[in-house]
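The values are calculated or read from the model by the stated rules, or taken from the named source; none is laboratory data. All values reported here derive from a predicted model rather than from experimental measurement. Here the Cβ positions follow ideal geometry from the backbone for every residue, glycine too, while neighbour counts run over all protein chains shown.
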Amino acid sequence: MDIQNRTLVRERLLPLSLTALLILADQGVKSFIANHWPQNSFIKDVFNNELLEIIHVRNKAIAFSLGDTLPDFLRSALFVVAPIIVLGFLLWYYFKTDELTRLQRWTIAGIVGGGAGNLLDRIFRPDGVVDFISVKWFSVMFHDKPVPFLGFNRWPTFNIADAGVVVSVLIFLFTIILPPKGTRHE
């Protein structure tokens, strides 16, 4: 294999292993949860301190249940067709451009993997995306009493795909804001 082909594999194809890993991990755990616990049932307090709980819920909408009241046909159009277009664009850009750093390629692979994981649920699980990770949210003290920050005690339940997308987007934004060592924006 010549140097150009090895560079192509290392720079363009290897990050897609993260895409595959996220899809497999997400769908594997979702399948386990969906097949072994009834919906809306508490499964486990992981650390016995209410910080991290596993609970099986379904979400027909997107983040924070946005779009939950939309008619089914509109929800399908928005939450299936739009992500296919976005993921297609990301993959096209991923392979088309030489402007991305190695880390940015990995983050795009993470976004695509997480997005594809939830998209598979939207297509093949008519009762909604399987969410199961529930994290205690922080409270602020007001007059010596804890008050839920942003109005809720627990962060909305999420899954591995959601976490993959959020972490990848945050890292991608970080790489845009802070340029790599040795480069300067003029």
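For first residues located in region 68-96 and among the hydroxyl-bearing types (Ser, Thr, Tyr), partners that are in a helix (DSSP H, G or I) and surrounded by 10 or more Cβ atoms within 10 Å (Cβ to Cβ) and lie 6+ apart or on another chain with Cβ distances below 6 Å form the pairs Tyr94/Ile108.
Among the residues of region 57-105, those identified as over 17 Å from the mean Cα position of the chain (by Cα), within 19 Å of Asp121 (Cβ to Cβ) and not β-branched (Val, Ile, Thr) are Gly67, Asp68, Leu70, Asp72, Phe73, Leu74, Arg75, Ser76, Ala77, Leu78. Out of all the residues in region 3-19, is one or more modelled with pLDDT of 85 or more, part of a helix (DSSP H, G or I) and small (Gly, Ala, Ser)? Yes, region 3-19 contains a residue that is modelled with pLDDT of 85 or more, part of a helix (DSSP H, G or I) and small (Gly, Ala, Ser).
Number of residues in region 87-102 that are surrounded by 13 or more Cβ atoms within 10 Å (Cβ to Cβ) and at pLDDT 95 or above equals 4. Of Asp68, Asp98, all but one fail to be among the charged types (D, E, K, R) and farther than 25 Å from Ile171 by Cα; the exception is Asp68.
Need a quick list: helices (runs of 4 or more DSSP H) entirely within region 54-144 having at least 3 residues that are of a type in the set (Lys, Arg).
On the way: elements: 72-76, 82-96, 102-124.
Because the criterion is at least 3 residues that are of a type in the set (Lys, Arg), the helices (runs of 4 or more DSSP H) in region 54-144 that meet it are 102-124.
In region 45-60, the residues that are without any contact (Cβ under 8 Å) to a residue 60 or more places away in the chain and aliphatic (A, V, I, L, M) reach residues that are surrounded by 13 or more Cβ atoms within 10 Å (Cβ to Cβ) and assigned to a strand (DSSP E or B) with C-beta atoms within less than 6 angstrom, at least six apart or across chains, in these pairs: Val46/Leu52. For first residues located in region 157-176 and more than 22 Å from Ile43 (Cα to Cα), partners that are surrounded by fewer than 17 Cβ atoms within 10 Å (Cβ to Cβ) and of a type outside the set (Gly, Ala, Ser) and lie 6+ apart or on another chain with Cβ distances below 6 Å form the pairs Thr175/Leu103.
Tell me, yes or no, whether region 31-48 has at least one residue that is among the polar types (S, T, N, Q) and either under 18 Å from the mean Cα position of the chain (by Cα) or modelled with pLDDT of 95 or more (or both).
In the first step, residues of region 31-48 are kept if they are among the polar types (S, T, N, Q); the result is 31, 35, 39-41, 48.
Restricting the remaining residues to those that are either under 18 Å from the mean Cα position of the chain (by Cα) or modelled with pLDDT of 95 or more (or both) gives 31.
Yes, there is a match, as at least one residue in region 31-48 is among the polar types (S, T, N, Q) and either under 18 Å from the mean Cα position of the chain (by Cα) or modelled with pLDDT of 95 or more (or both).
Which residue is nearest to Ala61 (Cα to Cα), if the candidates are limited to region 111-146 and must be of a type in the set (Lys, Arg) and modelled with pLDDT of 90 or more? Checked region 111-146; the qualifying residue nearest to Ala61 (Cα to Cα) is Arg122.
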